[in-house]
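The structure appears below as C-alpha cells.
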Amino acid sequence: MSTLNPTIDHADHADHGGHGHDHAHKQSFISQYVFSTDHKMIGKQFLITTLLMMMVGGGLALAVRWQLARPWERMPIFGDTVFGADGGQISPDAYTMLFTMHATVMIFLVIIPVLAGAFGNFLIPLQIGADDMAFPTLNMLSYWFMWPAIFLFGASFFMYGGGPAAGWTSYPLLSLLREAAPGSGDAQTLWLLGLTFVGVSSMMGSVNYMTTIINMRAPGMTLFRMPLTIWSMFITAILQAFALPVLTAAGFMMVADRLLGTCFFVPSGIVVNNAPPTVGGGQTLLWQHLFWFYSHPAVYIMLLPAMGMVSDMLACMCRKPVFGYKPMVYSMAAIAGLGFIVWGHHMFISGMNPALGMTFMVSTIMIALPSAIKTFNWIGTIWGGRVQFNTVMLYCIAFVSMFIIGGLSGIFMAAVPVDIYIHDTYFIVAHFHYVIFGATLFGVFGAIQFWFPKMYGRMMNETVGKIHFVLTFIGFNCTFYPMHMLGIAGMPRRYADPYHFPYLEHLLPLNQFMTASAFLMGMAQFLLLGNFFYSMYFGPKCGRNPWGANGLEWTAPSPPGHGNFDVLPIVYHGPYEYGSPVSGDKDFLMQTEYVPLAQRVAAEEHH
Amino acid sequence: MHWWFPGDGNAYSTLGGKIDDLFYLILVIVSVTFVGTSAALGYALWRGAAIKADEKVWFSHGSHSLEVIWTIVPSAVLLFIALYQLDVWAEYRMKGFAKEKDGSPKIITVVAEVTARQFEWRIRYPANGKPLKPTPQPDDIYSVNELHVPTGGLVSITLRTDDVQHAFFVPMLRVKQDAVPGKMIPVWFDATMPGNYEMLCAELCGWGHYKMKAMLVAQSADDFEAWKDKASAEQFDDGYRKPAE
C-alpha cells in the first residue's frame, strides 16, 4: 500500500469497501433513517421527498393542462372525487388554485430543495473531503423544517374557500384581502407560513454550506481545486443568505397585514367585493419589489447548482478537463452579483417609475453574458473529448441545449418594448419552463443517474434511463415549445378558458396537442421512480469509482459509511485532470493521486 | 394553422409596429445565435462520438484568447440590443411627461378614465368639448366593457382599479399596462385604423380573470364625437316625453 496515495488502493477492492470499520457502531433505526444527522442520509431524505413532491406538482400541472385542452369537461379519474361538487369539472376558482399550487410545490418543494437540499447535502462534504457538515444537527433540522411547510401547503386546500389562489407570486391585494378571492382566506395565511418554513429550512442549509465549504476542506483542497459543483453550491448559499431575509420579512409583513390590521401593502379606500373600504396608506408595489428581490436571485438558486453539477458530469463523460475552469467560476459569481440588480424586469409594466425600466433592462440583458460564457465553455468542454453517450451524458446535452433555448428566449422579455406585448403571456411560461425544467430538472435527472452509485452502492438501469430520457425530452419539447407560439399569439397566462376570446379560439387544437405531450411526459416520470427504487435494492453493485471520475467522493466507499472516508484524503490536483499526460495508462487522475515530480517532468518533455 | 401574432399579424398602432420591428430584430439575432451554438454543440458531439480508441483527447484547460473573444463579442451584441430598445420605451412611457421643444407642456388628449374591477371594465368619458376631470362630473358619459377612442394621433387613458390589480391589454395594438390599487396611471397609444380590437385583463385578478372580455372601438374623430353625443343622449334620457297636445 502506497503511503502517498492511501485511498486509491481501496478502490481496487471496492466490493469490500462498505464493510470496513465504518459500520462498527450500530445506530438505532430512528437515528439512522429518520432523525439522522448524517449528511448523506439527509441528502437522500431530501432527494426522495422532492421526487415524490415532483409527482404531486406534476399532477397539479396535468389538471391545469386538462382544463386548457378540454375546458369545462368532466375530468377523468380524479374529477368526480376532487371536484364532485362541480360535477367533476374544474371550476374557475379551482383552476386558479391548481396553477398556484403547481408553482408553489415545484419551486419551493422540488427545485430549491432538490438542488441545495439533496445534492448540496450529499455532495459538499464528500467532494471537499470532510467527514460531515459543520453543523449536523442544524442540517437535520433543515430537512425537518420542510415537513411543516408541506403540511401547511397541504392543509391550505382544506380551508374554507379552498387553497391559495393568488398565484405563486401572491400579489396583493388579491392575496391580502379575504374578500378578494375564495382562496384568500385562511389558506393564504397558511401558504405564507409554509413559505416561512421553507425559508428557514433553506437558511439553515445555506449557513451550514458556507461554513462547511470555508472551514472543512481537506488538506490541499484550495478554493480553485474545488469542483464546480462546490463553487455553485457556495455561491448559491451566499445568494440565499442575502436574499431570503427579504422574503421572510415581506411574508411576515403580509401576515401582519392579514391578521393584525397593519397596512404595509394596502392603500386606502379600496372596495373589494362590496366589503367596507380599506384604511391605510400602503403600497401594493412594495410587495412586488420585496418579493422579486428574493425571487429573482432565487431563479439563480434554482439554476446555478445544476450548472455546477453538469460541468462535473460533462468533464467526466467527455473524458477531458472542463474548458475554462476559472471563467466558469467567475461567470457564476457574475450571475450571482448581477442577479441582485435585475429584479425590476418582472415589473416593467407594473406601474413603477418607467425610468427604472431602462436600467433594469440593461442589467438584465447583460446577465445573459455570463450565461453565454458558460455555454461556450461547456461546448469547449465537449470539443475534442471522448464522448460517452450514456444516460448521464444525454441529460447533460439536453441541459446545455435547453438552456440555450431558455436563455435566448429570455432576451425577448428583457427588452422592455417587446415585453410590453409578451408580458404575462404564455411566452414567459415557455421561457421559465425551458430554464427550470429543461435545464435544471434535466441536470438533476443526470445527477441522480451519476451519483446514485455513490448514494446506494448500485447502478441505475441504463436502458430504462435512456427510455425515460427520450420520452421526457420529446414530451417536454412538444409541451413547452408551442407555448412560445401561444405567447406570440397573445394568449395570457392564468386563463381558465381563453377560447371565448375570438382571437384565441384557433389555439385549442394546439393546446390539446400540448396536453397530450404533457401526459406522455408525466407518465414517463414513473419510469424514473421505478428505476430509482428498483435499483436501490436490485441494481448491479458497483465499486468506488464506476465512472472513472476524479472527485474526492469517488475515493470513498460506495455507499460511504458514517464519516465518509477511510483515510483523510489529501488533494494534489484540480478536479478535472481527465486524459492528462501524467496519468499513465488511465485516462483520469484522481485528486488524491500523487504524481512524482520526475514523472511530471518526463511527461512534459514528451509533450 | 395560424400560430403567430393575432389577427393578420400586423400591429394597429404606431408603437405596436415598432415593437414588432424590435421583436423581429431580436428574433434574427437569437436565431443566428441558436443555429451557431447548436451547430457547434452538434459538431463537438459528432466528433466526440467518432473519436478512435487509440486517439488522445484534446487535453486543454481552456484558452485565454477564446475566452476574451466570446466575452467581448456577445457583450457588444447584448449592449447593442439593450441600447437599441431604449428609444421606443421612452416614447411609450416617458416622452409624454417631457416638455415640447419650445418649452410648452406636451398635450396628449385624455379621452377616458378606465377603471378595472372584478370582473369588468368601467369607462368614464368627459362630455364633448370638455376635459376629463379626476372626479366624476354630472355630464360625464359612462360605458361598460366598451372603450371608444378616436383614431389618428396619440390618445391617453387614465387607468385605475377599484379593487385588486388588473392589467389593460389590447393585443392588436400591443398595449399593456397594469392597473395598480391606489394609483392613476396614464397610458398613451394610438390606433392607426378604425375598427374593433379585443381588450382583456393580463394580470391575475381572481377566479374570473379570464372573463374580463371587452372591446376597444377605434373610430375617426368625427364618429367618436357623434358616438359620444348619442351615448350622452341615451344616458340622460329619462323616458319622459311631452304628452301630445
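The values are calculated or read from the model by the stated rules, or taken from the named source; none is laboratory data. Everything numeric here is computed off the predicted structure, so don't read it as measured data. Here Cβ is always computed from backbone atoms with ideal geometry, including for glycine, and neighbour counts include all displayed protein chains. These area figures cover heavy atoms from the full protein model, side chains too; ligands, DNA and RNA do not enter into them. Shrake-Rupley method; radii C 1.70, N 1.55, O 1.52, S 1.80 Å.
Annotations
- Matching option when the condition is under 18 Å from A:I349 (Cβ atoms), out of contact with any helix residue (DSSP H, G or I) (no Cβ under 6 Å at 6 or more places or on another chain) and open to solvent by less than 50 Å² (accessible area, probe 1.4 Å), among B:A202, B:A231: B:A202
- Residue, most open to solvent (accessible area, probe 1.4 Å), within the range A:327-386, restricted to residues that are in contact with a strand residue (DSSP E or B) (Cβ under 9 Å, 6 or more places away or on another chain), farther than 26 Å from A:R225 by Cβ and small (G, A, S): A:G351
- The range A:271-350 holds helices (runs of 4 or more DSSP H) entirely within its bounds, and those carrying 1 or more residues that are under 30 Å from A:H573 (Cα atoms) and touching a Pro at 6+ places or on another chain (Cβ under 8 Å) map to A:304-318, A:325-339.
- Restricted to the range A:505-538, and to residues there that are in contact (Cβ under 8 Å) with a residue 12 or more places away in the chain and at the interface with another protein chain (Cβ under 8 Å from one of its Cβ atoms), the residue that is surrounded by the most Cβ atoms within 10 Å (Cβ to Cβ) is A:L507.
- Set side by side, the residues A:V255, A:V272 differ, and just one is closer than 30 Å to B:Q118 by Cα, touching a Leu at 6+ places or on another chain (Cβ under 6 Å), open to solvent by 10 Å² or more (accessible area, probe 1.4 Å) and in contact (Cβ under 8 Å) with a residue 60 or more places away in the chain, which is A:V255.
- The single condition among (1) within 30 Å of A:D585 (Cα to Cα); (2) open to solvent by less than 50 Å² (accessible area, probe 1.4 Å) that B:G96 does not satisfy is (1).
- Residue that is open to solvent by 20 Å² or more (accessible area, probe 1.4 Å), among the aliphatic types (A, V, I, L, M) and either facing another protein chain (nearest Cβ under 9 Å) or in contact with a helix residue (DSSP H, G or I) (Cβ under 7 Å, 6 or more places away or on another chain) (or both), where the choices are B:I108, B:I26: B:I108
- Qualifying residue in the range B:205-212 (condition: without any contact (Cβ under 8 Å) to a residue 24 or more places away in the chain, touching a helix residue (DSSP H, G or I) at 6+ places or on another chain (Cβ under 9 Å) and assigned to a loop (DSSP other than H, G, I, E, B)): yes
- Qualifying residue in the range A:397-410 (condition: in contact with an Asp or Glu (Cβ under 9 Å, 6 or more places away or on another chain) and at pLDDT 95 or above): no
- Within the range A:372-458, helices (runs of 4 or more DSSP H) holding 1 or more residues that are more than 13 Å from chain B (Cβ to nearest Cβ): A:391-414, A:426-433, A:442-456
- Boolean, B:M215 is in a strand (DSSP E or B), touching a residue at least 60 places away in the same chain (Cβ under 8 Å) and open to solvent by 20 Å² or more (accessible area, probe 1.4 Å): yes
- Any hit, the range A:533-553, residues being aliphatic (A, V, I, L, M), within 23 Å of A:M393 (Cβ to Cβ) and outside any loop (DSSP other than H, G, I, E, B): yes
- Number of positions in the range B:51-61 that are open to solvent by less than 30 Å² (accessible area, probe 1.4 Å) and either more than 7 Å from every other protein chain (Cβ to nearest Cβ) or polar (S, T, N, Q) (or both): 1
- Residue count for the range A:315-326, restricted to those that are in contact with an Asp or Glu (Cβ under 7 Å, 6 or more places away or on another chain) and either more than 8 Å from chain B (Cβ to nearest Cβ) or surrounded by fewer than 24 Cβ atoms within 10 Å (Cβ to Cβ) (or both): 1
- Within the range A:178-205, the set of residues being within 24 Å of A:P245 (Cα to Cα), within 14 Å of chain B (Cβ to nearest Cβ) and hydrophobic (A, V, I, L, M, F, W, C) comprises A:A187 only.
- Checking each residue in the range A:489-499 for being open to solvent by 10 Å² or more (accessible area, probe 1.4 Å) and at the interface with another protein chain (Cβ under 7 Å from one of its Cβ atoms) picks out A:R494, A:D497.
- Residue in the range A:290-313 that is within 11 Å of chain B (Cβ to nearest Cβ) and either at pLDDT 95 or above or within 19 Å of the chain's Cα centre (by Cα) (or both) present: no
- Count - residues of the range A:121-139 that are polar (S, T, N, Q) and open to solvent by 10 Å² or more (accessible area, probe 1.4 Å): 1
- Test: residue in the range A:130-149 that is among the aliphatic types (A, V, I, L, M) and either in contact with a strand residue (DSSP E or B) (Cβ under 9 Å, 6 or more places away or on another chain) or without any contact (Cβ under 8 Å) to a residue 40 or more places away in the chain (or both): no
Every residue, every condition in (1) buried (at least 19 other Cβ atoms within 10 Å of the Cβ); (2) facing chain A (nearest Cβ under 7 Å); (3) charged (D, E, K, R), yes or no:
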site	(1), (2), (3)
B:A44	yes, yes, no
B:A49	no, yes, no
B:S63	no, no, no
B:T71	no, yes, no
B:I81	yes, yes, no
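- Selection from the range A:459-488 of residues that are out of contact with any helix residue (DSSP H, G or I) (no Cβ under 6 Å at 6 or more places or on another chain) and within 14 Å of chain B (Cβ to nearest Cβ): A:N477, A:Y481, A:M485, A:I488
- So B:Y92, is it part of a helix (DSSP H, G or I) and at pLDDT below 90: yes
- Yes/no for B:L45 being touching a Leu at 6+ places or on another chain (Cβ under 9 Å), of a type outside the set (D, E) and not in a strand (DSSP E or B): no
- Within the range B:189-229, considering residues that are charged (D, E, K, R) and over 16 Å from B:E120 (Cα atoms), the one nearest to the other protein chains (Cβ to nearest Cβ): B:D190
- The sole residue among A:F473, A:F442 that is open to solvent by less than 10 Å² (accessible area, probe 1.4 Å), at pLDDT 95 or above and either over 20 Å from A:S295 (Cα atoms) or more than 23 Å from the chain's Cα centre (by Cα) (or both) is A:F442.
- Filtering B:S75, B:S13, B:S38 for residues that are more than 9 Å from chain A (Cβ to nearest Cβ), surrounded by 13 or more Cβ atoms within 10 Å (Cβ to Cβ) and touching a helix residue (DSSP H, G or I) at 6+ places or on another chain (Cβ under 9 Å) leaves a single hit, B:S13.
- Lone unmet requirement of (1) under 20 Å from A:W147 (Cα atoms); (2) surrounded by 20 or more Cβ atoms within 10 Å (Cβ to Cβ) for A:I213: (1)
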